[in-house]
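Here the structure is laid out as C-alpha cells; the discussion comes afterwards.
The values are calculated or read from the model by the stated rules, or taken from the named source; none is laboratory data. Every value quoted in this text rests on a predicted model; they were computed, and no experiment measured them. So basically every Cβ, Gly included, is an ideal-geometry build from the backbone, and we count neighbours across all protein chains shown. Quick note on the areas: whole protein, heavy atoms, side chains included, nothing else; ligands and nucleic acids left out. Shrake-Rupley method; radii C 1.70, N 1.55, O 1.52, S 1.80 Å.
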Amino acid sequence: MTRTLIICFLLLFALPGNHVGVAFQPEFAEPILNLTVPLGRDATFTCVVRHLGGYRVGWVKADTKAIQAIHDHVITHNPRVAVSHNDYSTWNLHIKGVQEEDRGSYMCQINTDPMQSQMGHLDVVVPPDIVNEDTSGDVMVPEGGTVKLTCRARGYPTPHVQWRREDNAEIVIREASGVKTKVSNFQGEFLKLTKVTRSEMGAYLCIASNGIPPSVSKRIMVSVHFHPVIQVPNQLVGAPLGTDVTLECHVEASPRSINYWVRDTGTIFFESRRGEKCDTYISQRIRTHSIKFFNRKQLIFVYFTSFGTNQISAFDSISGNHVYADRLDNTAHPHIHTHHDTKIKCPQSVPEERKTTPLLIVVP
C-alpha cells in the first residue's frame with residue numbers, strides 16, 4: 001500500500017502538467033495563517049498561489065511527513081480531511097472535528113523545480129477538566145489534625161489550579177516554622193492544612209483554568225470533628241411557682257450532637273405534658289437547644305455526640321422517637337411536632353456571637 005501511494009505521488013505531483021506556463025513561474029501570493037482551534041471544531045488552511053499553470057499543489061503534515069492531498073485528490077485515509085480550490089488560485093485543506101493528534105505544522109507545496117513550499121501551524125486547544133480519580137473527595141479530620149487536598153486537571157495548554165473557600169473566607173496556611181499566613185486563594189495542585197481548627201471547616205473549591213472556556217471546579221467538603229461546647233445566654237432563670245419557664249442553650253459540635261436534659265436527680269427528661277423541647281439550626285456546627293416547662297424545675301444540661309441529620313430535631317434515646325421540624329426559612333417560624341401531638345415555636349435564628357457560658361444550672 002505504501003509503495004502504491006509513492007507511485008501515485010510521483011505520477012500526480014512530482015512531474016508538472018502539460019500546460020506549464022512559460023512566461024511566469026508559480027509563486028505564493030500570501031503566507032498561510034496559523035490556526036488555533038478548540039477540540040472538536042473544524043479547521044481550514046488556505047494556500048493562495050499565482051500563475052499555477054499546469055503545476056500541482058500538495059498538502060503534507062510536516063512532522064509526520066504524511067501526505068494529506070495532491071491537487072484535487074485526498075491521499076490520507078483520515079475521513080475528516082478534505083480539499084477544495086477556487087479558480088486554481090486558492091487552495092484549501094479542511095480538517096473536520098479536529099483532534100489532539102491533528103496538532104502540528106502543515107505544508108503547502110508546488111511541484112516546481114526546485115519545489116516551493118510554505119507552512120502553517122495548527123494548535124488544538126482543550127478546555128480544562130478535573131481528573132476525578134486523582135482528585136481528593138470529601139474528608140474528615142479531627143481538630144488539630146492535618147489534611148492534604150489534591151486536585152489534578154488536564155487540558156491544553158496545561159491548566160492552572162487554584163483553591164478558594166466557598167464562603168470566601170481566608171485559607172490559613174501554617175508553615176513548619178510556625179509562620180501562619182491567610183490568603184484568599186492558594187495556587188497549586190496540593191493544599192495542605194495543618195493544625196486544623198473548627199473555623200476552617202467547610203467547602204473548598206478546586207478551580208482549573210487555562211484560558212480556554214469554560215473553567216471547571218470541584219467542591220471538596222472538609223469536616224472538622226471536635227467535642228461539643230455549650231454556651232448559655234442566661235445561666236440563671238427564675239419564675240414564680242406554677243408559671244411557665246423556658247431554658248435555652250447553644251451547642252457547637254461536629255458531627256452534630258444529640259442533646260437532652262437531665263434533672264438534678266439524674267433522670268433524663270423527655271417530652272411530656274409538662275415540658276417541650278426544640279432545636280434550631282444556626283450553622284453547620286451550631287444549634288440552639290431549648291426546653292419549655294409549664295412548672296419550674298431544677299435542671300442541668302448534659303450532652304453527648306452522635307451523627308445527626310439535616311432536620312431540626314431532638315432524639316428520645318429510650319422510646320426511639322424524634323422531635324422534628326422542617327428546615328428554617330426567612331418567612332416563618334417553624335413548628336416542632338412531638339409524638340404527643342403538641343406544638344411549640346422555636347426561635348428562627350440565634351446570633352453567632354451569643355456563645356460564651358459553658359454550663360447552665362437553674363436552681364429554685
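Annotations
- Among residues of the stretch 35-52 that are closer than 13 Å to residue 96 by Cα, those with a Cβ under 6 angstrom from a residue that is surrounded by fewer than 14 Cβ atoms within 10 Å (Cβ to Cβ), sequence gap 6+ or separate chain, pair up as 40/97.
- Single condition residue 234 does not satisfy, out of (1) closer than 30 Å to residue 165 by Cα; (2) assigned to a loop (DSSP other than H, G, I, E, B): (1)
- Selection within the stretch 120-157 - within 17 Å of the chain's Cα centre (by Cα) and hydroxyl-bearing (Ser, Thr, Tyr): 135, 136, 150
- Elements of type strands (runs of 3 or more DSSP E) contained in the stretch 63-124, each with 1 or more residues being open to solvent by less than 20 Å² (accessible area, probe 1.4 Å), over 24 Å from residue 156 (Cα atoms) and modelled with pLDDT of 95 or more: 66-70, 90-95, 104-110
- Close pairs from the stretch 190-217: first in contact (Cβ under 8 Å) with a residue 40 or more places away in the chain, partner of a type in the set (Val, Ile, Thr) and open to solvent by 70 Å² or more (accessible area, probe 1.4 Å), Cβ under 9 Å, at least 6 apart: 192/146; 193/146; 194/146; 195/146; 196/146; 210/158
- Filter result for residue 266 (small (Gly, Ala, Ser), modelled with pLDDT under 80 and on the phi > 0 side of the Ramachandran plot): yes
- There is at least one residue in the stretch 172-183 that is over 20 Å from residue 137 (Cα atoms) and among the acidic types (Asp, Glu).
- Within the stretch 132-145, residues that are in contact (Cβ under 8 Å) with a residue 40 or more places away in the chain reach partners that are open to solvent by 40 Å² or more (accessible area, probe 1.4 Å) and not polar (S, T, N, Q) with beta carbons closer than 7 Å, at six or more positions or on different chains, in the pairs 135/152; 135/218; 140/225; 142/225; 143/198; 143/225; 144/195.
- Of all residues in the stretch 125-142, those being open to solvent by 40 Å² or more (accessible area, probe 1.4 Å), touching a Ser or Thr at 6+ places or on another chain (Cβ under 7 Å) and of a type in the set (S, T, N, Q) number 0.
- Residue selected from the stretch 232-259 under the condition within 27 Å of residue 197 (Cα to Cα) and acidic (Asp, Glu), by the criterion surrounded by the most Cβ atoms within 10 Å (Cβ to Cβ): 248
- Screening the stretch 41-56 for residues that are farther than 17 Å from residue 123 by Cβ and not in a strand (DSSP E or B) and picking the one that is most open to solvent (accessible area, probe 1.4 Å) gives 51.
- Hits in the stretch 203-231 - residues which are in a strand (DSSP E or B) and farther than 26 Å from residue 146 by Cα: 209, 216, 231
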